[in-house]
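Student: Starting off with a structure, shown below.
Derivation of every value follows stated rules applied to the coordinates shown; laboratory data play no part. Only a predicted model underlies this, so the values are computations on that prediction, with no experimental measurement involved. No Cβ is skipped: glycine too gets one built from the backbone with ideal geometry, and neighbour counts run over all protein chains shown.
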Amino acid sequence: MNNSLDAISFEYTQAPRMGRAVSAARWIHLAGRGLVALVFLSAGIGKLMALQGTAAYIRSKGLPAAPFLAVAAAVLEITAGAFVATGLRARAAAMILAAFLVVVTAIFHNPWGLPAAEAQAQAQQVFKNLAILGGLLLVAMHGPASRGL
């Protein structure tokens, strides 16, 4: 029995025979990259729009220079997110965002020692961030595949 998915190859190396599959793969790659970038673009813009609240949250975790860190985090998320979205230096930007995400997850979403309901909410944030980390690692591994968003 012929599975309809067998007819579609998402390998870029089969370009001469599978032009439509390559085109589909590039669109899928572009969409995935754009969705991962959207997380950081929206988070960075949100931080800038609520800078005092962001700085207060950073301060609540015992970090120094909270206003500076709030602006730095927003700029990093917007800049690296834009690089991932456009495909320019996407691998490097994805690795920078991945490292940032690991640090942010460890500091701001640590569920250990919290009351049960809050620990569960933070654990969900950890797993969400792990999924985003997986997307970033795929971008870092495969690169942009195509330019533009």
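Student: Residue by residue through region 71-80, what is 3J(HN,Hα) from phi via Karplus (6.51 cos²θ - 1.76 cosθ + 1.60, θ = phi - 60°)? Round to whole Hz and write x for glycine and proline.
Tutor: With the stated coefficients, region 71-80 comes to 5, 4, 5, 5, 5, 4, 5, 5, 5, 5 Hz.
Student: Mind giving me the FRET efficiency for residue 106 and residue 26? R0 is 35 Å, r the Cβ-Cβ distance, nearest 0.05 is fine.
Tutor: Working: r = 35 Å, r/R0 = 0.99.
The calculated FRET efficiency here is 0.50.
Student: Explain nothing, just the number: relative contact order of region 18-142, from Cα pairs under 8 Å at least 6 residues apart, as a whole percent. Before the final figure, lay out each step's value.
Tutor: Working: 117 pairs, mean separation 31.5, N = 125.
Relative contact order here is 25 percent.
Student: Now for a separate question. ³J(HN,Hα) across region 111-116 via Karplus (A = 6.51, B = -1.76, C = 1.60, θ = phi - 60°), whole Hz, x for Gly/Pro?
Tutor: Couplings: x, 6, x, 9, x, 3 Hz.
Student: Can you list the HN-Hα couplings for region 28-39, worked out from phi with the Karplus curve (6.51, -1.76, 1.60; θ = phi - 60°), rounded to whole Hz and with x for Gly and Pro?
Tutor: 5, 4, 4, 5, x, 4, x, 5, 5, 4, 4, 4
Student: Going by average Cβ density within 10 Å per residue, which order do the peptides 99-106, 73-80, 135-142 take, highest to lowest? Before the final figure, lay out the partial values.
Tutor: Working: 99-106: 14.5, 73-80: 19.2, 135-142: 17.6.
Ranking the peptides 99-106, 73-80, 135-142 by packing returns 73-80, 135-142, 99-106.
Student: Something else: Please tell me the relative contact order of region 90-149 in percent, rounded to the nearest whole number, where contacts are Cα pairs under 8 Å and at least six residues apart. Intermediate results must be reported in sequence, preceding the final value.
Tutor: On the way: 43 pairs, mean separation 31.5, N = 60.
Worked out over region 90-149, it gives 52 percent.
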